[in-house]
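Reading through the structure tokens given below for one structure.
What follows draws every value from the coordinates through simple rules; no lab data is involved. Computed from a prediction, not measured in an experiment: that's the story for all the values here. In this analysis, Cβ positions are derived from the backbone assuming ideal geometry, glycine residues included, and neighbour counts consider all displayed protein chains.
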Amino acid sequence: MKPGTLAAGLAAVAAALACAALPPAPPRAAEEPELRVAVAAGVPKVEVAGQGRVLGVVAGEAVFGLAAGEVAVIVPDGRGLRVEHAGGRPQLESVTFAVVDPAKHVAVNGTPYRGVVEVFARNGALTAVDRVRLEDYLLGVVAREMGPREASDAAALRAQAIVSRTYALRNRGRFGADGYDVRAGITDQAYGGVAAETPEAGAAVRATAGEVLTYGGEPINAFFHSTCGYRTAVPGEVFRSVTDAPYLRSISDERPGGYYCDLSPRFRWRVEWDVATLRDILRRTVPAVLGVDAAELTEVQDVRVHRTGRSGRVTELRLRVPRGEIPVYGPDIRQVLAAPDGAPLGSSAVQLTAQSNGGALVRLTAAGAGSGHGVGLCQWGAIGRARAGQDHRTILATYFPGTRLERWY
């Protein structure tokens, strides 16, 4: 399809495509910045469609179009990619998809996203990147991270919006060598696109537009997690490469008669392993996580807590096996001591009870508190505090003491 036949469409998406070509914004932007979010990475196929007419753009030129609902399938082709569509071209380095009607959205693998979507090939696989304005990105993050919420939870939603905005700004360019800033999954922030958006989350994003948490004039390392269980952790207890910071302290979540996060369905939990199941799990996880040969785990004789950190979380476990003890440190505990269903342990805030028979281990029980790494904002704690009447500023000052709330753009 010749560019001349798409003049009207190109005019409608010119602004969107222009922003896709801008270099990264400086640390403090005068205007709302753009974020590059990997919504699929290292995959063998990507399907793109649109709620309205979509243009396929290569090197600034519209080379084909998709009717509303029509699907283009992109697959690797040599060192590039191929668009399996009537107007597609083989051996492209990348292709950008933009809707003609700005009220419509581009869908990747069935999920609609705001902004424009770029697909490129690397190492024989595909990456799809949503290039979206930061505030639009937050609409799909806050709702996905916090789930459906009530009007009484507005302060918690605002706190999450500010923390998520701060995280995004702090981490722009984190994966620059890979062609994007952040990922759409829980390794960064859960991002569900348009389908995840809710009116309540949207109101929180708009009410706090441009606001971030700073320390020393820079956006903070804004960690958050589901449920602290009783108090938050310091980075050194659960992370290997994150340094402690004055604003990332161990903060009590206690309230009169309980804890603010005791609303969480993951406030308290229990996991049990019989010795055969435990051995099979450790023979899989210990080599993968610690690099220790599975042959060392012919028998698991004991599992015990060796050391705890400032928050009371376990910072070192010892696995006793026939040839000695294998230490497991805080950053690895949840992956090594996986639940019988294979999921990582809910948190490292656990008490272990080993049951023996004739000196031989027969069962291990973990009584746990909370969910997630435990550093920074406790999401269920924020909800409990909001329902107790605290505003978002108070919530943020509690979980990130010493920080400032500033309008960044």
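Label positions at residue 316 and residue 43, each projected 7 Å from the Cα along the C-beta direction, are separated by 4.3 nm. In summary, the convex hull built on the alpha carbon positions of the range 33-103 has an orientation-averaged projected area of 5.3 nm². Residues of the range 317-361 falling in the label zone of residue 295, defined by backbone nitrogen less than 20 Å from a point 7 Å along Cα to beta-carbon, are 320-327.
Assuming charge only on the beta carbon of Lys and Arg (+1) and of Asp and Glu (-1), the dipole of the range 60-135 about its Cα centre is about 140 debye to the nearest 20.
Rounded to the nearest 10 degrees, the inclination of helix 154-170 to the longest alpha-carbon principal axis of the chain is 70 degrees.
If you line up the long axis of helix 134-146 against the longest principal axis of the chain, both from Cα atoms, how many degrees apart are they, to the nearest 10? For 134-146 against the chain, the angle is about 40 degrees.
With angles folded into 0 to 90 degrees, how steeply does helix 275-290 sit against the dominant principal axis of the chain? Use alpha carbons for both and round to 10. Computed tilt is about 50 degrees. Entry note, the chain: the mean residue ellipticity at 222 nm calculated from DSSP H runs of n ≥ 4, each adding -39500 (n - 2.57), is -7000 deg cm²/dmol after division by the residues and rounding to the nearest 500. Normalising the average separation of contacting C-alpha pairs (under 8 angstrom, six or more residues apart) by the number of residues puts the relative contact order of the chain at 16 percent.
Size check on the range 123-188: the Cα extents along the three principal axes, sorted descending, read 48, 21, 20 Å. Both radii come from the Cα set of the range 237-360: Rg as radius of gyration, Rh as Kirkwood radius; their ratio Rg/Rh reads 1.00.
On the principal axes of its alpha-carbon atoms, the range 291-409 has extents of 60, 28, 26 Å, going from largest to smallest. If you average the sequence gap of Cα pairs under 8 Å that are 6 or more apart and divide by the length of the range 203-283, what percent do you get for the contact order? Rounded, it is 24 percent for the range 203-283. Compute the signed sum of charges (Lys and Arg +1, Asp and Glu -1) over the other residues within less than 14 Å, Cβ to Cβ, of residue 391. Net charge around residue 391: +2. Stretched out straight at 0.36 nm per residue, the stretch from residue 195 to residue 388 would grow longer than its current Cα-Cα span by 66.5 nm. Rounded to the nearest 20 debye, the dipole magnitude of the chain is 540 debye, with +1 charges on Lys and Arg beta carbons, -1 on Asp and Glu beta carbons, and the Cα centre as origin. Fully extending the segment from residue 68 to residue 241, taken as 0.36 nm per residue of separation minus the present Cα-Cα distance, adds 57.7 nm. Label-to-label distance for residue 304 and residue 123 is 4.2 nm, based on points extended 7 Å past Cα in the beta-carbon direction. Summarising the label geometry, the points placed 7 Å from Cα in the beta-carbon direction at residue 58 and residue 203 lie 4.8 nm from one another. Taking 0.890 mPa s as the viscosity and 25 °C as the temperature, the Stokes-Einstein diffusion coefficient of the chain based on its alpha-carbon Kirkwood radius rounds to 105 µm²/s.
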